[in-house]
1. Looking at (1) in contact with a Gly (Cβ under 7 Å, 6 or more places away or on another chain); (2) more than 8 Å from the ligand (Cβ to nearest atom), can you tell me which one Ala116 breaks?
2. Consider Arg233 against the criteria (1) within 30 Å of Leu48 (Cα to Cα); (2) within 16 Å of the ligand (Cβ to nearest atom); (3) not hydroxyl-bearing (Ser, Thr, Tyr): it satisfies all of them except one. Which criterion is unmet?
3. Run Thr187 past the list (1) among the hydroxyl-bearing types (Ser, Thr, Tyr); (2) open to solvent by 10 Å² or more (accessible area, probe 1.4 Å); (3) modelled with pLDDT of 95 or more and report the number of the one that doesn't hold.
4. Tell me which residues, restricted to the range 124-178, are within 15 Å of the ligand (Cβ to nearest atom), touching a helix residue (DSSP H, G or I) at 6+ places or on another chain (Cβ under 9 Å) and of a type in the set (Val, Ile, Thr).
5. Scanning for something within 16 Å of the ligand (Cβ to nearest atom) and either under 15 Å from the mean Cα position of the chain (by Cα) or over 20 Å from Gly146 (Cα atoms) (or both), does the range 38-51 turn up at least one residue?
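The values are calculated or read from the model by the stated rules, or taken from the named source; none is laboratory data. In this text the structure is predicted, and so the values were computed from the model without any measurement. All Cβ positions, glycine included, derive from the backbone under ideal geometry; neighbour counts span all protein chains shown. The area values use the complete protein model at the heavy-atom level, side chains included, leaving out ligands, DNA and RNA. Shrake-Rupley method; radii C 1.70, N 1.55, O 1.52, S 1.80 Å.
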Amino acid sequence: MSEYVKWDIYDQGYGMITLHRPERRNALSLDMIEEFHRLLWEARDLDLKALVITGAGTQAFCAGGDLNDFHAGLSSQEAFSALYPMKEALYELSRFPVPTIALLNGHARGGGCELATACDFRYAAEASTIGFVQGELGISPGWGGGALLYQRIHPLKAYEMLVQSRIYDTEEAIQTGWLQGTIREETIAEDIDDILQPFLSKNIDQVKHFKQQYVKQQIPISLSADMDDEVRRCSNLWGNDQHKEALKGYKKS
Ligand SMILES: CC[C@H](C(=O)O)C(=O)SCCNC(=O)CCNC(=O)[C@H](O)C(C)(C)COP(=O)(O)OP(=O)(O)OC[C@H]1O[C@@H](n2cnc3c(N)ncnc32)[C@H](O)[C@@H]1OP(=O)(O)O
């Protein structure tokens, strides 16, 4: 169990998972990942019309993996074992039976971008920035989010986001096709209603049909193997000097 992952269900017909560790910018520990996956499994059996993933606080949606758990001292095999559970969770999330929406309440970095990419749609607070920064850390995405990115936006744009590993503001992220729109902090409740209204106004069989049709086209079962390969490649990069140097500056809590 983890106290840092919250589950809420709303009468309007949607569920919400909130990463609730703002003091560490909602970075995902191994315990949080286990709880996140458990909640996903339970939510699959509920009569939901949509699932929202968000973070607590106003600073960050998710800062990726908790660098205390995902530290540079892991061997390649240990890194694979640590990374793999979130790949499985993101694969499940990408095939969730109803529309999934990532509400970025702030910055997303590394695995936080992978988590958002596993959702069908992404909306961000206007001041948010987004960065697949793994390339700057001497590694590559380790949760399968890179493979998912190629399914969400134009392949060349996906390749550019991953290999450049730079930070995007919301306007740039919209131009890539990754971000669907922005939400205003002062009217976030109204914005959420506007975003979810197209799903909540339909019957559950309709939204499930629309999602099944999308998954059949864009999230094939074969994607899981591509995501496995990504975890393996990240694990093989884990022990390099650049990664060790990049994480050296990181303070353990
Ligand atoms: C595991 C692999 C995985 C993958 O690629 O598959 C990854 O995600 S690799 C990890 C990639 N993530 C990062 O490198 C992000 C690091 N964090 C940041 O860039 C910033 O924290 C940011 C932009 C998210 C927010 O910046 P802000 O200035 O608002 O906050 P601080 O940097 O001062 O951080 C506050 C507080 O949170 C702790 N923190 C932040 N990120 C992480 C993290 N990933 N793991 C653990 N803890 C994190 C930071 O140490 C500060 O703690 P404090 O005790 O207050 O110093």
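1. (1)
2. Of (1) within 30 Å of Leu48 (Cα to Cα); (2) within 16 Å of the ligand (Cβ to nearest atom); (3) not hydroxyl-bearing (Ser, Thr, Tyr), only one is false for Arg233: (1).
3. With respect to (1) among the hydroxyl-bearing types (Ser, Thr, Tyr); (2) open to solvent by 10 Å² or more (accessible area, probe 1.4 Å); (3) modelled with pLDDT of 95 or more, Thr187 is out only on (3).
4. Thr129, Ile130, Val133, Ile139, Val163, Ile167
5. Step one: of the range 38-51, the residues within 16 Å of the ligand (Cβ to nearest atom) are none.
No, there is no match, as no residue in the range 38-51 is within 16 Å of the ligand (Cβ to nearest atom) and either under 15 Å from the mean Cα position of the chain (by Cα) or over 20 Å from Gly146 (Cα atoms) (or both).
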